[in-house]
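Peer 1: Before anything else, here's the structure in question.
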Amino acid sequence: MFDFHKNHRLLVGTAGGIFLFLSLLIAVKPAYTVQENNAPLPGSLPANAEIRAGMNVFIEEGCVACHTQQVRNIDMDKMWGGRPGIPADYAWRQRIDNLRATPSTLGTERTGPDLTEIGERQPSETWHYLHLFNPRTVVKESIMPAHPWLFRSVASVGQYDNELTVSDEYRAGDRGHIVPTEKARQLVAYLVSLKQVDLPDGTTAPAFIEYKKAPPTVAANAPGPGAAAALPDGAALYTTHCQACHQANGEGLKGAFPPLKGSAVVNDANAELLAQIILQGYNAREEYAVMPAFGAKLSDSEIAAIATHERSSWGNKAAPLTADFVKKIRETIKTETTATTAR
Amino acid sequence: MTNSMKNSTTPVKRVALLTAIAGLIGQASPVLSQPTAATDVWSQPGIIGMVAVLLLVVVSVALLAIVRLGRVVQQLSTQPDDEREQEFDETVANLTPAQLALILERRNAVATYLSGDELAGDGYAHDELGLVSHVTTDMHAPLVAEKKRTFRSSDVDPKLIQLVSAYLLCATFWLVFGTLVGWYVGVKFVRPDVDHLEWLSFGRLRPVHTNMVFWGWTSLAMLGLGYFVVARTGNTRLFSYRLGWVSLLLINVSVIIGSICLVAGINNGGGEYREYVWPVMILFAIGLIIAFVNFYQTVAQRSTGEIYISNWYLLAGLVWAITLSVIGYLPFYQNGLGETVIQGYYMHMGVGMWFMTFTLGLVYYFLPMSLNKPIYSYSLGVLAFWTQLLFYSLIGTHHYVFSPLEWWLQTIAIVFSAGMFIPVLAGTTNFLMTLKGSGKHIADSYSLPFLLVGILFYFVGSVQGSMQAFRFTNLVWHFTDFNVAHSHITMYGIVAFLLWGCIYTVAPRFLGREPKQLLVGVHFWLALIGLLAYVVPLMVGGTLKGLSWMADKPFLESVVLMAPFWLWRAIGGTLMLLSHFVFAYNLYDMLLRKPVVRTSLPRLTSLTHV
């Protein structure tokens, strides 16, 4: 009966049949189930045609080869989102069109940062335009490809053209005004729209799996003894959260991001405004891009560590901050906001 | 065990099944369970296994080196022959006239001498094989060891030779072109601003590289060699040469159009190896279906009673690949996370059920052929076949461990990844036992070293893959360059090396033209050293990258720390690419070059000499 070695029909039929059965069991059925059992979360759909078009540009340019969009349920992925991803986060994804399949946005390589929350982490369109034009303009160490074909050079520039302030080094001799094309606008609209949405009331997010000890603290970080000695590593936090705009040398980028080196706000003996800007964000100066708020993302001690690092680097010489000080400012802001809303 | 599936919402039945399976595999719970403290790295089976398999390689290489070194030392310490000869010469030169006279006298005292005609008579001596006329006293010292020659097989259908040659030549074109692209994207890790052209950007070229070497090089080379195997083992002619040519055309067209689409930004959605849009991939699928019909019908008209084990793998590989393409491209269940389930399935089955399966089938034929002895065990081959089908089919989701995909799906993938030990061990044992006792044969052959390296990588690469699937090892290695190293160990170290071994075995037999042995050696060593220079740094760098992430270091640090490892990758890649140019020349030498009248016609030359 089992004469596979003599009966080619039986051999091929059995091998093919078993494979088809296993495929249905392990791939098709689970895929179908996960597709049917999940509805898009409120607010997670690409809100408009521009964002959807931006996602297509994202696929065209092969960004998924290096950027994941999945917050795994493990401790180390906490830096990429507030909660692990759930199937409903991806339920909105559909075939792009008749020609192209569903975008494979989860990714399998993290050569560049995860983008699940890039819109939260980096809301500045100016930064994204510069970064796409040539990543080295904002992150010197980056190895991401430049995308100059998403931009064009024009002789005169209108008010809403978002002209890029590009230094000569990255212009390749071009003297014109560099402005984003339609595709660049779509792509950036997509990127800044990427955020984890809140789960509906009554849904609990899955927990991160904890597998390590408490985060290490760098005791030698602060210049003086006392309260500041227990702060986390301010330099590392600066690299993660601030450096992409304000740069490693603290000098910012002309026409885009203000310098911290020698800045009056940073060096002020009264660090109230500095702490307030980090907590609340800042958008008061025309010539610079918007700064996001870090109040919800960073703890008091982390903000104190960053501020202390900024006040003691690049020739800045101001006193360190304590977590208690940041806490006080945070409470003041909260009271003020409540008062404003009450009024 | 069950507590490891805490997040699972599956029916009890499934859990029970899993428990039973995991129980069979033994100490599976640390493999599947949630990772605990990061500090006890050395208690993690995945890490221990990975280190063990890598150590196995290092230790065996070290042992080999010690044995070789021992031989060199031994040779140096024994008195060399020419010294003894010199001694003898001196003794003769120093003989006194009296001693010489004595020796001469003894010599003359011998009564008879042979005239030399005792056996041949007065007839004219023919030296048809050139045994005498080819004796040379010109003592050239070869640069490298001389290998045995391969002679023409006179009984191969010329039409089959043409077809197989066309497949191999097209495949080699895609190999050279595809790895040129791969080399260039590797260089871009070191010099990201080397160009700013839309069509040459990293994001667009990367899938061009992967798809071209998958569908262009590997698939065509496999099919070409497969036609030879299926006709020879069935002791029959190929069912249809015309279908063979149609299939070749379709696959080539699909790779050409697909590559143009990708550089133009027409990408199916970014899922790895599914980047060709369906109108392009359907050409490839039709090409495969036609090839399947051809293979199947050839087996059906075989004049042997049994189906040789190679054909099990070839036929199954084709059926599985066709099923896979259909499931991978049908849209009905691919919205939301459905796409991700299918993506994991598709990309892993592509490697395991198509490339690996088919290539193993080829080895079951070409390894015995080049050793001129039968395969060690038919039954082991059958065991490996069915376990490959049962275990490999279920492990696709191990590319998405800790993702939002269901926990039970991930667990099954991990359990069966470990189960892959069985087919891998069965296959490796079978090949190594076939090779056993043929050490001299390997040393004397220029094709067997390729097969040997491929077989060793088959073991190491597959074990590595199983280890990488465990939950703890995913913490360290997932998303890092370690995966890139692994995929090159498998698709290059295993598949490409095995294919080269097969090609060097069979191609010289077609027209009786051999490649230059020195250049085969150059190809072998450039490819092997290049591969090692590529994968070892990426494995080290990938590990450091993962550890840096686990320590919550700023992401940018993990980019900066990779710089030297990416440079090594570019260097290794350069050597690999160079080896492909050499291989392309060798293939041209074997299949296309105009015949030169030389020692390949010993009869004629020996006649003119006399």
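The values are calculated or read from the model by the stated rules, or taken from the named source; none is laboratory data. Here the structure is a predicted model, which is why all the values come from computation and not from measurement. As a convention, Cβ positions derive from the backbone with ideal geometry for all residues, glycine included, and neighbour counts pool all protein chains shown.
Peer 1: Can you tell which of B:His488, B:His523 is in a helix (DSSP H, G or I), farther than 21 Å from B:Phe366 by Cβ and either among the charged types (D, E, K, R) or touching a residue at least 12 places away in the same chain (Cβ under 8 Å) (or both)?
Peer 2: Details: B:His523 fails: farther than 21 Å from B:Phe366 by Cβ.
Just one listed residue meets the conditions, B:His488.
Peer 1: Moving on to the next point. Please count how many residues of the range B:356-384 are among the aromatic types (Phe, Trp, Tyr) and not in a helix (DSSP H, G or I).
Peer 2: Initially, the range B:356-384 is screened for residues among the aromatic types (Phe, Trp, Tyr), giving B:358, B:364-366, B:376, B:378.
Adding the requirement that they be not in a helix (DSSP H, G or I) leaves B:376.
Qualifying residue count for the region: 1.
Peer 1: Yes or no: A:His131 of a type outside the set (Phe, Trp, Tyr), crowded, with 22+ Cβ neighbours inside 10 Å and under 27 Å from B:Asp552 (Cβ atoms)?
Peer 2: Considered against the rule, which asks whether it is of a type outside the set (Phe, Trp, Tyr), crowded, with 22+ Cβ neighbours inside 10 Å and under 27 Å from B:Asp552 (Cβ atoms), A:His131 comes out as yes.
Peer 1: Give just the number: which of (1) under 23 Å from the mean Cα position of the chain (by Cα); (2) facing another protein chain (nearest Cβ under 8 Å) does B:Pro374 not satisfy?
Peer 2: (2)
Peer 1: Could we say that B:Leu283 is at pLDDT 95 or above and out of contact with any Cys (no Cβ under 9 Å at 6 or more places or on another chain) here?
Peer 2: Taking the combined requirement at face value, the residue satisfies it.
Peer 1: Let me ask something else. Could you pull out the residue among B:Lys553, B:Lys545 that is within 11 Å of chain A (Cβ to nearest Cβ) and in a loop (DSSP other than H, G, I, E, B)?
Peer 2: After applying the criteria, what remains is B:Lys553.
Peer 1: Separate question: Tell me which helices (runs of 4 or more DSSP H) are completely within the range A:225-275 and hold 3 or more residues being of a type in the set (Ser, Thr, Tyr) and assigned by TED's automatic domain parsing to the domain that holds A:Lys317, or say none if there are none.
Peer 2: A:234-241
Peer 1: Could I ask something else about it? Count, please, the residues in the range A:1-26 that happen to be polar (S, T, N, Q), closer than 20 Å to B:Ser393 by Cβ and more than 7 Å from every other protein chain (Cβ to nearest Cβ).
Peer 2: 1
Peer 1: Let me ask something else. Quick check on this structure: which one of A:Gly173, A:Gly112, A:Gly107 is part of a loop (DSSP other than H, G, I, E, B), small (Gly, Ala, Ser) and over 17 Å from the mean Cα position of the chain (by Cα)?
Peer 2: The unique qualifying residue is A:Gly173.
Peer 1: Also: Return the total of residues in the range B:286-307 being more than 7 Å from chain A (Cβ to nearest Cβ) and among the aromatic types (Phe, Trp, Tyr).
Peer 2: The qualifying residues number 2.
Peer 1: Looking only at residues in the range A:64-76 that are crowded, with 23+ Cβ neighbours inside 10 Å and more than 7 Å from chain B (Cβ to nearest Cβ), which one is farthest from B:Leu262 (Cα to Cα)?
Peer 2: Result: A:Val71.
Peer 1: For the range A:134-175, how many residues are aliphatic (A, V, I, L, M), within 11 Å of another protein chain (Cβ to nearest Cβ) and surrounded by fewer than 14 Cβ atoms within 10 Å (Cβ to Cβ)?
Peer 2: Number of matching residues: 1.
Peer 1: Condition first: free of Cβ contacts under 8 Å to residues at least 24 places away in the same chain and more than 7 Å from chain B (Cβ to nearest Cβ). Now tell me which residues in the range A:82-111 satisfy that.
Peer 2: Answer for the range A:82-111, where residues must be free of Cβ contacts under 8 Å to residues at least 24 places away in the same chain and more than 7 Å from chain B (Cβ to nearest Cβ): A:Asp97, A:Asn98.
Peer 1: Continuing with this model, one more query. Please determine whether any residue of the range B:252-265 is outside any helix (DSSP H, G or I), within 11 Å of another protein chain (Cβ to nearest Cβ) and without any contact (Cβ under 8 Å) to a residue 60 or more places away in the chain. Spell out the reasoning first.
Peer 2: Kept after step one, since they are outside any helix (DSSP H, G or I), are these residues of the range B:252-265: B:264-265.
From the residues that got through so far, the ones that are within 11 Å of another protein chain (Cβ to nearest Cβ) too are B:264-265.
Subset that is without any contact (Cβ under 8 Å) to a residue 60 or more places away in the chain: none.
Checked against the condition, which is being outside any helix (DSSP H, G or I), within 11 Å of another protein chain (Cβ to nearest Cβ) and without any contact (Cβ under 8 Å) to a residue 60 or more places away in the chain, the range B:252-265 yields no hits at all.
Peer 1: Name the helices (runs of 4 or more DSSP H) wholly inside the range B:394-483 in which the number of residues that are crowded, with 23+ Cβ neighbours inside 10 Å, within 14 Å of chain A (Cβ to nearest Cβ) and among the aliphatic types (A, V, I, L, M) is 2 or more.
Peer 2: Those helices (runs of 4 or more DSSP H) span B:407-419, B:471-477.
Peer 1: So which residues in the range B:308-355 are part of a loop (DSSP other than H, G, I, E, B), within 8 Å of chain A (Cβ to nearest Cβ) and surrounded by fewer than 24 Cβ atoms within 10 Å (Cβ to Cβ), if there are any at all?
Peer 2: B:Pro331, B:Phe332, B:Tyr333, B:Asn335
Peer 1: Shifting gears a bit: Can you spot a residue in the range A:297-304 that is in a helix (DSSP H, G or I), of a type in the set (A, V, I, L, M) and outside the structural domain of A:Gly119 (by TED's automatic domain parsing)?
Peer 2: Yes, the range A:297-304 contains a residue that is in a helix (DSSP H, G or I), of a type in the set (A, V, I, L, M) and outside the structural domain of A:Gly119 (by TED's automatic domain parsing).
Peer 1: I need every pair where a residue in the range B:46-75 that is under 18 Å from B:Val463 (Cα atoms) has its Cβ under 8 Å from the Cβ of a residue that is of a type in the set (A, V, I, L, M, F, W, C) and at pLDDT below 85, sequence separation at least 6 or different chains.
Peer 2: Sorted first by the residue in the range B:46-75, then by its partner, the pairs are B:Gly46/B:Val31; B:Ile47/B:Val41; B:Ile48/B:Trp42.
Peer 1: Among the listed residues B:Ile256, B:Ile289, which satisfies the condition of being over 28 Å from B:Gly338 (Cα atoms) and out of contact with any Ser or Thr (no Cβ under 7 Å at 6 or more places or on another chain)?
Peer 2: Testing whether each residue is over 28 Å from B:Gly338 (Cα atoms) and out of contact with any Ser or Thr (no Cβ under 7 Å at 6 or more places or on another chain) leaves just B:Ile256.
Peer 1: Now, a different point. Among the residues that make up the range B:150-159, is at least one of them away from every other protein chain (no Cβ under 14 Å) and assigned to a helix (DSSP H, G or I)?
Peer 2: Within the range B:150-159, one or more residues are away from every other protein chain (no Cβ under 14 Å) and assigned to a helix (DSSP H, G or I).
Peer 1: Could you tell me how many of the residues in the range B:484-495 are among the hydrophobic types (A, V, I, L, M, F, W, C) and within 14 Å of chain A (Cβ to nearest Cβ)? Explain how you work it out, then say what you get.
Peer 2: First, the residues of the range B:484-495 that are among the hydrophobic types (A, V, I, L, M, F, W, C): B:484-485, B:489, B:491, B:494-495.
Pick out the ones that are also within 14 Å of chain A (Cβ to nearest Cβ) and you get B:484-485.
Here the count works out to 2.
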